[in-house]
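Here the structure is laid out as structure tokens; the discussion comes afterwards.
The values are calculated or read from the model by the stated rules, or taken from the named source; none is laboratory data. Quantities reported herein were computed from a predicted structural model and do not represent experimental measurements. Don't worry about glycine lacking a Cβ; one is built from the backbone with ideal geometry, like all the others, and counts go over all protein chains shown.
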Amino acid sequence: MMNGSPDAVTALSALAHQHRLGVYRLLVEAGSAGLNAGTVAARLEMPASSLTFHLQHLHRAGLITQRRQGRQRIYSADFTAMRRLVGYLTENCCRGSLVERRAACGPPKRPRTRAG
């Protein structure tokens with residue numbers, strides 16, 4: 001569980017920028033193996049200086065981790081932090097009756113199809 005709304009606000013604020021959201025999405029897609037900064041910069045066509053700023057912002061918000069691998073830094077999405085944020089939002093933003101919560105926060109219902 002997150003430590004409360006200040007953590008959620010920090011995380012959501014970090015994601016509320018198109019470049020940081022793009023970086024985060026790429027790191028989520030990369031999984032736990034992560035990516036080095038050069039690969040992220042190349043895939044997103046972003047200058048290294050801009051990427052460094054955005055990576056630092058996401059790291060300070062607790063959304064990504066970094067580790068050294070030789071001379072490179074490898075960045076990965078912090079999936080535990082992501083689950084905490086989603087859990088916090090679900091618990092605190094989907095209040096009401098059980099029926100209302102399921103309707104608002106549950107998976108979308110699939111339309112029924114006719115066999116035939």
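Observations on the structure shown:
- Among the residues of the stretch 24-56, those that are in contact with a Leu (Cβ under 9 Å, 6 or more places away or on another chain) and in contact (Cβ under 8 Å) with a residue 40 or more places away in the chain comprise Y24, L27, G34, L35.
- Test: residue in the stretch 11-18 that is part of a loop (DSSP other than H, G, I, E, B), modelled with pLDDT of 95 or more, within 28 Å of C93 (Cα to Cα) and of a type in the set (A, V, I, L, M): yes
- Top-ranked residue of the stretch 58-94 - restricted to ones that are in contact (Cβ under 8 Å) with a residue 12 or more places away in the chain and β-branched (V, I, T), ranked as surrounded by the most Cβ atoms within 10 Å (Cβ to Cβ): I64
- No other residue among S50, S76 is of a type in the set (G, A, S) and assigned to a strand (DSSP E or B) apart from S76.
Table: residues versus (1) modelled with pLDDT under 95; (2) outside any helix (DSSP H, G or I); (3) among the hydrophobic types (A, V, I, L, M, F, W, C); (4) closer than 18 Å to D7 by Cα.
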{"site": "L21", "(1), (2), (3), (4)": "no, no, yes, yes"}
{"site": "R25", "(1), (2), (3), (4)": "no, no, no, no"}
{"site": "T39", "(1), (2), (3), (4)": "no, no, no, no"}
{"site": "L55", "(1), (2), (3), (4)": "no, no, yes, yes"}
{"site": "Q66", "(1), (2), (3), (4)": "no, yes, no, no"}
{"site": "R84", "(1), (2), (3), (4)": "yes, no, no, yes"}
